[in-house]
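The values are calculated or read from the model by the stated rules, or taken from the named source; none is laboratory data. Keep in mind that this is a model prediction, so the values were computed, not measured. Here the Cβ positions follow ideal geometry from the backbone for every residue, glycine too, while neighbour counts run over all protein chains shown. Surface accessibility is based on the protein's heavy atoms, side chains included, excluding ligands, DNA and RNA. Shrake-Rupley method; radii C 1.70, N 1.55, O 1.52, S 1.80 Å.
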Amino acid sequence: MHTEIAAIKKNDFSFYDIQKIRNDFPILKTLVHDKPLVYLDNAATTQKPQYVIDKMNYYYENYNSNVHRGVHALSQKATEAFEGARIIIKNFINALGKNEIIFTRGTTESINLVASTYGRANIKEGDEIIISTMEHHSNIVPWQMLCTEKNAKLRVIPINDNGEIIFEEFEKMINEKTKFVSIVYASNTLGTINPVKEIINLAHNYNIPVLLDAAQAINHLKIDVQQLDCDFLAFSGHKLYGPTGIGILYGKVNFLEAMHPYQGGGDMISKVTFEETTYNELPHKFEAGTPDIAGAIGLGAAIEYIEKIGLENIAHHENLLLDYATKAVSDLQGLKIIGTAKDKIGVLSFHFENVHPHDVGTFLDFEGVAIRTGHHCTQPLMRRFNIPATSRASFGMYNTIEEVDVLVHGLKKILEVFG
Ligand code: C6P
């Protein structure tokens, strides 16, 4: 065996009760094609612990009711739980106040909210918005739509062959025309962790607000929005061991106060007449209609669960898995890792010289291994690396070294079959 691999294996995770964690996730007992499920598609969505499932079921079974609307007991209890979740999230990212935490449907909606409200009001003809080459479509298309509408320009920071932002190019690109910077904290395709603090500092030297797409960073890195000093932060509950359909937009209170509402409807108003409407205070101004109450409660529960295990422990565990997997696949013939940045989250994207990623994904599925293949909603990034797609294994808190072995064994079999 590779000596480094053996060393990692021996080191193992004595601090980390992996079996106990795995027992908390009922889906991990599933068989796929009669094989134990090896779930390595955590960047797409994470699995949910029983604690989250129970909290959501308990709401539906015992106090299902609408929020902010009723004086009756159930509604008050639902409102308390919903607003309690907001406080859990506020504390998790160390926002200044709970009015800076907006519930959305996910990262995509959070970014669209900022582009549609802040963007529409502040971007004018000839202005420039900066993103990077490794953005998810969710952090490209809303800005592109805005630029088309306003006749503004979208500028893209290039990356090097390791998949790292070329900071000097960003320094050259930023100027008095730049009016917004929107950057992914950690890439879903490459795993790269971007130097967001430096990016924010530079942008702030020019008084330019920065949005961070934290969809992939939130379950791996401790995020302190005050320390980072980002102006907006977007993430999704389902990548944080919480439910789908719920996400967060954090915004600094001064920005949110100045922004127009995103959608009109119930809950976001203060007073409505046929002549005019005045809006509710933050955060409700941005939460029109009945929210995903169970989703918010589930997201709060997911954060409680994560904090019990410790985000640092989870990150350490995922780093060891990434390290182990990277070394284990590096000897495979014709395999090229896409994304070799120095700082990475637990994402391993690769490309086989002679095997299409979809064949890799289908073959592994028959071994019980779930990975994602395709462009991962980063088509411009695929173009940068001159490939149509990658195969991507992404690790979560419950994955094991043995599961990585199953993946590598499957890849070896693929090489035998496809040559
Ligand atoms: N990436 C993946 O398999 P939503 O769909 O709104 O929850 O998240 C969108 C999104 C935005 N930014 C980044 C960096 C992301 O990774 C994602 C979602 C998934 O990589 C699904 S495409």
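Side notes on the structure shown:
- Per residue, in Å², the accessible surface of region 353-412 once ligands and nucleic acids are set aside, probe 1.4 Å: 38 Å²
- Top positive-direction residue, dipole computed over the chain with Cβ charges, set LEU415, HIS68, PHE274: PHE274
- Structure-based [θ]222 nm, the chain - -39500 (n - 2.57) summed over DSSP H runs of at least 4, per residue, nearest 500: -11500 deg cm²/dmol
- Cross-link check: pairs LYS336/LYS413; LYS98/LYS285; LYS239/LYS412 evaluated at a Cα-Cα cut-off of 23 Å; pairs beyond the cut-off: LYS239/LYS412.
- Surface composition of region 235-351: carbon plus sulfur atoms hold 48% of the accessible area, using a 1.4 angstrom probe and ignoring ligands, DNA and RNA.
- The modelled label-to-label distance for the pair THR278/LEU96, using points 7 Å beyond Cα in the direction of Cβ, is 2.4 nm.
- Heavy-atom accessible area per residue - region 32-182, 1.4 Å, Å²: 45 Å²
- Averaging the Cα positions of each part gives two centres, and for region 279-306 and region 389-415 these lie 35 Å apart.
- Of all lysines in the structure, the ones whose alpha carbon falls short of 17 Å from that of LYS150, not counting any fewer than 8 places away in one chain, are LYS124, LYS177, LYS179.
- Of the three principal axes defined by the Cα atoms of the chain, the extents in descending order read 73, 56, 33 Å.
- Its convex hull of Cα atoms gives region 292-331 a direction-averaged projected area, equal to a quarter of the hull surface, of 3.7 nm².
- Summary of the geometry: region 194-223 and region 322-383, compared by the centres of their Cα atoms, lie 26 Å apart.
- Each label point was placed 7 Å from the Cα along the Cα-to-Cβ direction; for ILE387 and THR244 their separation is 2.6 nm.
- Net length gained if the chain between ILE18 and ILE53 were fully extended (0.36 nm per residue, minus Cα distance): 10.6 nm
- Length released on extending from GLU61 to ALA121, taking residue separation times 0.36 nm less the Cα-Cα span: 17.3 nm
- Virtual spin-label span in nm between LYS197 and LYS177, 7 Å along Cα→Cβ: 3.2 nm
- Think of the chain as a dipole: +1 on every Lys or Arg Cβ, -1 on every Asp or Glu Cβ, centred on the Cα centre; then among ASN151, GLY163, HIS220, ASN151 lies furthest on the positive end.
- For region 22-92, convex hull of alpha carbons as volume per residue, Å³: 132 Å³
- Full-extension gain in nm, HIS33 to SER330, via 0.36 nm per residue minus C-alpha separation: 104.1 nm
- Only Lys, Arg (+1) and Asp, Glu (-1) charged, at Cβ; the chain dipole about Cα centre in debye: 200 debye
- Computed from Cα atoms, the angle from the helix 196-205 axis to the main principal axis of the chain rounds to 40 degrees.
- Rounded to the nearest 20, the Cβ-based charge dipole of region 313-407 about its Cα centre (Lys and Arg +1, Asp and Glu -1) stands at 560 debye.
- Within the same chain, aspartates and glutamates fewer than 8 places from LYS153 are excluded, and of the rest, those with a Cα less than 19 Å from its Cα are GLU125, ASP127, GLU128, GLU135, GLU169, GLU171, GLU176.
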